[in-house]
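Step one of this worksheet: look at the structure below.
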Amino acid sequence: QVQLVESGGGLVQAGGSLRLSCTASGRAFGSYVMGWFRQAPGKDREFVGAISWIGGSTWYADSVKGRFTISRDDAKNMVYLQMNRLKPEDTAVYYCAATLLVGATNDWEYDYWGQGTQVTVSS
């Protein structure tokens with residue numbers, strides 16, 4: 001079992017930056033691929049990016065590539081989503097999720113989810 005709690009959401013102007021954090025509890029955190037998803041009002045939840053375990057390979061959605069960066073600190077059971085050059089279309093609830101599947105990009109491939117944190121980007 002893995003429990004996930006996101007933090008760091010808020011209101012930011014377009015072009016600004018925000019860093020989201022995800023705190024994990026439970027065993028074997030380092031074994032899990034950690035992903036970030038987001039869901040805007042009236043839209044399906046979409047993949048943002050993910051990071052594998054030790055070695056930290058990352059993969060991203062095209063819409064955020066070059067602007068968002070995922071990192072992890074296994075000693076602290078933390079994963080981060082650094083978001084730069086934010087756009088109004090980045091406004092959504094952001095979720096942290098965990099899976100054992102490297103390369104996973106679909107929400108049904110992830111086993112554990114946080115409660116989400118709201119990010120609002122004003123124009």
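Descriptive notes on the structure:
- For segment 1-42, averaging the sequence separation of C-alpha pairs within contact (under 8 Å, six or more residues apart) and dividing by the residue count gives a relative contact order of 41 percent.
- Dipole in debye (nearest 20) - segment 1-103, about Cα centre, beta carbon charges: Lys, Arg +1; Asp, Glu -1: 120 debye
- q = 0.14, 0.16, 0.26, 0.28 Å⁻¹: log10 I(q)/I(0) that the Debye formula gives for segment 23-86, counting C-alpha atoms only: -0.43, -0.55, -1.13, -1.22
- For the chain, alpha-carbon Rg over 2.2 N^0.38 Å: 0.97
- Considering only alpha-carbon pairs that sit under 8 angstrom and 6 or more positions apart, the relative contact order computed for segment 57-123 is 29 percent.
- Accessible surface computed residue by residue for segment 1-98, with neighbouring protein chains in place and a 1.4 Å probe, gives 48 Å² per residue.
- The chain: relative contact order in percent, alpha carbon pairs under 8 Å with at least 6 residues between: 36 percent
- For segment 58-66, Karplus couplings with θ = phi - 60° (6.51, -1.76, 1.60), whole Hz, Gly/Pro x: 10, 8, 9, 5, 4, 5, 10, 4, x
- Qualifying trypsin sites (Lys or Arg not before Pro) in segment 53-123, DSSP loop, other Cβ atoms within 10 Å at most 12: Lys65, Lys76
- Percent carbon-and-sulfur accessible area, the chain, ignoring ligands, DNA and RNA, probe 1.4 Å: 49 percent
The values are calculated or read from the model by the stated rules, or taken from the named source; none is laboratory data. All figures in this text were calculated on a predicted structure; none of them were measured in a lab. Neighbour counts run over all protein chains shown; Cβ positions are idealised from the backbone, glycine included. Surface accessibility is based on the protein's heavy atoms, side chains included, excluding ligands, DNA and RNA. Shrake-Rupley method; radii C 1.70, N 1.55, O 1.52, S 1.80 Å.
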